[in-house]
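A.B. asks: Provided herewith is a single structure, encoded as structure tokens, for subsequent inquiry.
The values are calculated or read from the model by the stated rules, or taken from the named source; none is laboratory data. The structure presented is a predicted model; accordingly, all values stated were derived computationally and were not measured. A quick note on method: Cβ atoms are made from the backbone with ideal geometry, for glycine too, and the neighbour counts reach across all protein chains shown.
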Amino acid sequence: MCCIRNYKWSLGSLTGAEREAALRECHQRGADRLLWLCRANGGVYTKLGQHVGQLDHLLPEEYVLTMRNNLLDRCPVSAPEEVRRTFLQDLGAPPEQLFAEFNPTPIASASLAQVHEARDHGGRRLAVKVQHAGLRESCAADVATVTALVGAVRLVFPEFDYGWLVDEIRENLPKELDFRHEAANAERCRANLQASVRRGAWFASRVYVPEVVYATSSSRILTMEFIDGVGVTDVPRLRALGLSPRAVSLLVAETFNDMIFAHGYVHCDPHAANMLPTGDPQLVLLDHGLYKSITDSFRLEYAGLWRALIFADEAGIKRHSAAMNAGEAYDIFASMLTQRSWDQILSARSDHLTVERSPQTRQVAQAYMAAYGREISGLLQRMPRPLLLLLKTNDCLRSVDFALGEPVNTFVITARECSAALARERLRGAPGPLVRLAVAWERLQVEARMLAFELLVWYSGVRAWVGLGGGGAAGGATAAQPQAAPHPVPAVAAA
């Protein structure tokens with residue numbers, strides 16, 4: 001309630017630049033209070049704060065940056081006696097008896113658990129994840145408290161209804177608090193990667209899921225093999241290992257597009273702390289607590305939507321957005337997915353989804369959110385539940401890609417993967433020679449469009465390097481004249 005009064009009292013009847021300056025100060029005070037709340041209560045509150053730190057396109061940057069800079073890898077630590085008590089309760093023996101070596105000082109701590117290094121009696125290095133004490137007992141009360149807070153915000157600011165976020169926490173938190181569920185997710189992820197290897201996916205053999213040691217695991221303790229690596233966004237250390245940011249970014253993008261469009265079983269918490277590149281190159285995936293299984297019908301609808309977005313197919317965007325319950329807010333929905341304006345989404349240029357990150361483009365996004373906050377909130381409430389976690393996944397991946405310097409255009413990879421998924425489905429339904437020929441022609445069109453796009457980006461880069469400025473010739477097929485967007489970018493933001 002302090003945050004709500006902060007906005008009401010500080011803004012009052014202010015207008016123009018004075019109101020904008022006061023609003024930013026309110027955002028920062030609110031973010032600082034939220035950070036204090038997350039740190040004071042831990043657990044689900046820290047998890048919520050970490051999620052806020054990924055919502056670049058939905059929330060003011062004061063909230064996003066404050067949460068991201070303070071909660072991603074700076075979480076509370078449980079005392080050694082609490083860790084020991086958890087072992088005794090779950091496994092019937094203290095850690096020093098179960099392992100040849102066990103370091104009581106954690107090497108990492110997250111919102112729900114912390115990780116200790118250990119060695120088994122055969123000398124193998126292990127990573128032992130131990131849940132913070134009391135989380136399962138306080139889970140229901142914490143969710144009820146967050147529900148009440150969200151309800152209070154909705155009463156004062158009806159345009160900000162985050163009931164969808166409460167629904168997601170209520171559904172997924174109990175699963176994340178059961179490490180047996182996480183172990184099962186890890187096994188299925190490994191099996192899917194092996195299936196991708198058999199299918200000929202070049203990247204799948206370079207993605208690794210650590211093995212689970214079941215003898216020393218329980219619902220609150222998860223023991224896995226220890227893997228050395230570096231942070232996925234630590235560019236200097238990546239280069240020291242001989243890894244280029246481009247190679248890492250490409251591996252990340254291919255891996256998660258394969259999860260979404262090929263398998264429909266998606267790791268939905270891919271923030272920087274949960275991906276560990278090694279020098280092979282290899283990408284180690286950690287923290288398998290939050291996955292989403294999507295139906296084939298939803299997966300193909302989502303693939304069709306992304307294909308329409310990438311190829312500026314206005315009719316396709318509207319059709320697939322309607323299947324996602326977007327209704328007349330299809331342009332807002334498309335902008336949420338791509339972080340691009342509707343005009344840019346429907347541009348005839350091959351690089352229409354490429355945009356330089358800058359204070360100006362962020363200002364446009366923030367103005368759009370401010371102008372259509374009620375519509376965006378309504379969208380989040382009515383869209384299919386799996387899509388909410390896919391949006392979170394996209395947010396995490398964009399943050400990683402941005403930290404790596406955006407060396408790979410992930411839309412190119414998405415175009416190929418979603419087109420391949422749709423092609424496989426067509427061949428499965430009617431594998432005759434004419435269908436095969438039609439599918440081959442469509443794939444050829446995809447590759448031609450993507451080649452034109454990559455050449456245009458290269459040409460623009462060369463022009464910028466020699467001092468002639470960005471830009472380049474438009475590529476690809478000319479799109480039809482787009483219909484005026486129902487929700488145009490506010491003029492103040494475009495200035």
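A.B. asks: Assess whether Asp161 counts as being in contact with a helix residue (DSSP H, G or I) (Cβ under 8 Å, 6 or more places away or on another chain) and either farther than 30 Å from Thr255 by Cα or in contact (Cβ under 8 Å) with a residue 24 or more places away in the chain (or both).
C.D. replies: The answer is yes for Asp161.
A.B. asks: In region 90-117, what residues are over 21 Å from Gly42 (Cα atoms), in contact (Cβ under 8 Å) with a residue 12 or more places away in the chain and not charged (D, E, K, R)?
C.D. replies: Leu91, Pro95, Leu98, Phe99, Ala100, Phe102, Asn103
A.B. asks: Where in region 154-269 are there helices (runs of 4 or more DSSP H), lying wholly inside it, with at least 2 residues that are farther than 25 Å from Ala127 by Cβ, within 23 Å of the chain's Cα centre (by Cα) and β-branched (Val, Ile, Thr)?
C.D. replies: 163-176
A.B. asks: Could you check region 284-327 and list, in sequence order, the residues that are of a type in the set (Lys, Arg) and out of contact with any helix residue (DSSP H, G or I) (no Cβ under 6 Å at 6 or more places or on another chain)?
C.D. replies: Selection gives Arg299, Arg319.
A.B. asks: Which of the residues belonging to region 84-113 are in contact with a Ser or Thr (Cβ under 6 Å, 6 or more places away or on another chain) and buried (at least 19 other Cβ atoms within 10 Å of the Cβ)?
C.D. replies: Leu98, Ser111
A.B. asks: Picking from Glu137, Glu171, Glu101, which residue would you name as being out of contact with any helix residue (DSSP H, G or I) (no Cβ under 9 Å at 6 or more places or on another chain), farther than 20 Å from Leu34 by Cβ and modelled with pLDDT under 90?
C.D. replies: Just a single option satisfies the conditions, and that option is Glu137.
Quick grid of which residues meet (1) modelled with pLDDT of 70 or more; (2) loosely packed, with under 12 Cβ neighbours inside 10 Å:
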site	(1), (2)
Phe411	yes, no
Glu425	yes, no
Arg428	yes, yes
Arg436	yes, no
Leu444	yes, yes
Trp458	yes, yes
Leu468	no, yes
Gly475	no, no
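A.B. asks: Here's something else I'd like to know. Go through (1) assigned to a loop (DSSP other than H, G, I, E, B); (2) at pLDDT 80 or above and name the single condition Glu18 misses.
C.D. replies: Only one criterion in (1) assigned to a loop (DSSP other than H, G, I, E, B); (2) at pLDDT 80 or above is unmet by Glu18, namely (1).
A.B. asks: Hey, does region 139-148 have a residue that's crowded, with 21+ Cβ neighbours inside 10 Å, more than 30 Å from Glu375 (Cα to Cα) and either over 19 Å from the mean Cα position of the chain (by Cα) or assigned by TED's automatic domain parsing to the domain that holds Leu222 (or both)?
C.D. replies: Checking region 139-148: not a single residue is crowded, with 21+ Cβ neighbours inside 10 Å, more than 30 Å from Glu375 (Cα to Cα) and either over 19 Å from the mean Cα position of the chain (by Cα) or assigned by TED's automatic domain parsing to the domain that holds Leu222 (or both).
A.B. asks: So which residues in region 396-407 are at pLDDT below 80 and of a type in the set (Asp, Glu)?
C.D. replies: The one that is at pLDDT below 80 and of a type in the set (Asp, Glu): Glu406.
A.B. asks: In region 17-35, is there at least one residue being of a type in the set (A, V, I, L, M, F, W, C) and under 25 Å from Ala133 (Cβ atoms)?
C.D. replies: yes
A.B. asks: Only one of Pro60, Pro76 is modelled with pLDDT under 90 and within 26 Å of Leu380 (Cβ to Cβ); which?
C.D. replies: Sole residue among the options that is modelled with pLDDT under 90 and within 26 Å of Leu380 (Cβ to Cβ): Pro60.
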